[in-house]
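What follows is one structure encoded as structure tokens, with my remarks underneath.
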Amino acid sequence: MMRGMDQAVSMAHARECLDLPVIGMTCAACANRIEKVLNRLPGVTATVNFAAEKARVSFQPGNADSAALLSAVRNAGYGARELAADGRAEEKTRQQAAYRKDLILFWISATLSLPFLVQMAFLFSERMHQLVPYWLQFALATPVQFWIGKRFYAGAWHALRGGGANMDVLIALGTSMAYFYSAVVVLFALPLHLYFEASSLIITLVIMGKLLEARAKARTSAAIEELIKLQPKTAQVERDGKLAEIEVAQIGVGDVFVVRPGEAVPVDGVVIAGESSINEAMLTGESLPVAKQPGVKVFAATLNQQGLLKCRATGVGADTALAAIIRLVEEAQGSKSPIQRLAGSISGIFVPAVVGISAVTLIAWWGINADFTDALVNAVAVLVIACPCALGLATPIAIMVGSGAGARAGVLVRNAAALEHAGKIDTLIVDKTGTLTAGKPAVTDVIALGSASQAEVLRTAATLESGSEHPLAKAILDHAAQLNVTTIRMTRFTAVSGKDHSLPITHHRSH
């Protein structure tokens, strides 16, 4: 009875995790808005990473489901969808397509804005505003404002409809004020200055900034891409007594698969037949391969060095050691450091504060100088310059770059707080120096005994190992090649795997 109650309680407290790619975020205020909306749902804990454009949600199945989560994000004015099994490739394709589209729009916007840039070179000339005719300025600025810049109006509308304000609100307000003021001057032939160059160049520069952000995000995800590439795409699996090549995603727990020499292990498993040695440096950092016999575990993406192994799958898909490492890297990149939480809270109230300051600037400057044009220009300057993009983007991008660089170097960071505290470390104490290696063995010294010289010892050792595929044999051969030591031709070489944990037993005849 008590056991059944414990199981029921355990099931009640079981939580599910879900990653939701989010579309439409433009600044940290957007991420904060979505995070608040999701966390209002009962039993839901969510963190939104603006740099990765992803929401990681933990929820209790009885209180919420994926449909409710997606609906909440969409009601907040943003797009979201579930990440499918092959969602990584699909998401990467979508991001690349969006980048290409933004690149095309940027060049169109830059081309249309180029005359304004040329005109600004004559800033202090009396003919500055006559260099480009008024009607041409109006014609060039209009498509930039309403075609290239329509994303900012859409983003501002979604944000305001959801009860928040983001960077798009600032850009839409600032550029619209400059554009419509200048349009009125042109349409009514007023003897006033135009500010079409301000609206057009601001939109062009912001889109250029978006392109730079996209490039930074793509580079920081390279570490995860490299980890994913370690796992082979296909595997040799027994089906009805015969070997069949199938996709790794189709392997189930209990399936028997074969790993030939030189191949990577497709999934986690246990050896049921065969002997070999496997390079597990990508998991453990140990440079020496590990001997494998029946009953010993093997792990996905590790490299089989010599013999043929027959294994039974014990961990597939998200249950492999490699998948756990990938999750750890993703969680570290998506986690928030203490300084990022402060930046996020500031950026959440930043936009309304800037809009208020801009309004005060307009009223105060107009009241003091009685010049509406100067007041309007200063108010627009407040809106545009006080863009909170860098405030909300700098920290998550830094975390993604730092954790990604660590993953490529074989260092896994548990979370952003650990990464932030690592900057204060002045002493590093390591309890297992064997893992601090280059990942492959190398010869450091050759010690000759008796009357033999070092060159003779190295030549003999290199000759004996010239037919072996063992990593120690390769280290000896590499060292001999560096010293230009020639080996003796050898025939009838046989390597017997699994008889020693470090060196293969060799039978040879040399000439």
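The values are calculated or read from the model by the stated rules, or taken from the named source; none is laboratory data. Predicted model only: the values in this text are computed from it and were never measured. Glycine also receives a Cβ, built like all others from the backbone with ideal geometry; neighbour counts cover every protein chain displayed.
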Of the residues Ala165, Ala159, Ala172, Ala154, which single one is surrounded by fewer than 21 Cβ atoms within 10 Å (Cβ to Cβ) and of a type outside the set (S, T, N, Q)? Ala154
Suppose we keep only residues that are within 17 Å of Val144 (Cβ to Cβ) and β-branched (Val, Ile, Thr) within the range 175-192. Which one would you say is surrounded by the fewest Cβ atoms within 10 Å (Cβ to Cβ)? Val186
Looking at the range 358-374, can you tell me whether even one residue there is within 31 Å of the chain's Cα centre (by Cα) and at pLDDT below 80? no
Note on the range 177-202: residues of a type in the set (Val, Ile, Thr) and within 37 Å of the chain's Cα centre (by Cα) are Ile202
Condition test on Leu243, is it surrounded by fewer than 16 Cβ atoms within 10 Å (Cβ to Cβ) and in contact with a helix residue (DSSP H, G or I) (Cβ under 7 Å, 6 or more places away or on another chain)? no
What are the residues in the range 77-100 that are hydrophobic (A, V, I, L, M, F, W, C), assigned to a helix (DSSP H, G or I) and at pLDDT 70 or above, if any? Ala97, Ala98
Taking into account only those residues within the range 266-279 that are buried (at least 21 other Cβ atoms within 10 Å of the Cβ) and within 21 Å of Leu472 (Cβ to Cβ), which is nearest to the chain's Cα centre (by Cα)? Ile278
Kindly list, by first and then second residue, each pair from a residue in the range 31-49 that is on the phi < 0 side of the Ramachandran plot and assigned to a strand (DSSP E or B) to a residue that is surrounded by fewer than 23 Cβ atoms within 10 Å (Cβ to Cβ) and charged (D, E, K, R), limited to pairs with Cβ atoms under 6 Å and residues at least 6 apart or on different chains. Ala46/Glu35; Thr47/Arg56; Val48/Glu35
From the set of residues in the range 466-486 that are over 24 Å from Asn279 (Cβ atoms) and not aliphatic (A, V, I, L, M), which is nearest to the chain's Cα centre (by Cα)? Asn484
Do you know which of the residues in the range 286-331 that are surrounded by 18 or more Cβ atoms within 10 Å (Cβ to Cβ) and β-branched (Val, Ile, Thr) is farthest from the chain's Cα centre (by Cα)? Val290
Of the listed residues (Leu464, Leu472), the one being within 20 Å of Gln293 (Cα to Cα), surrounded by 13 or more Cβ atoms within 10 Å (Cβ to Cβ) and modelled with pLDDT of 70 or more is Leu472
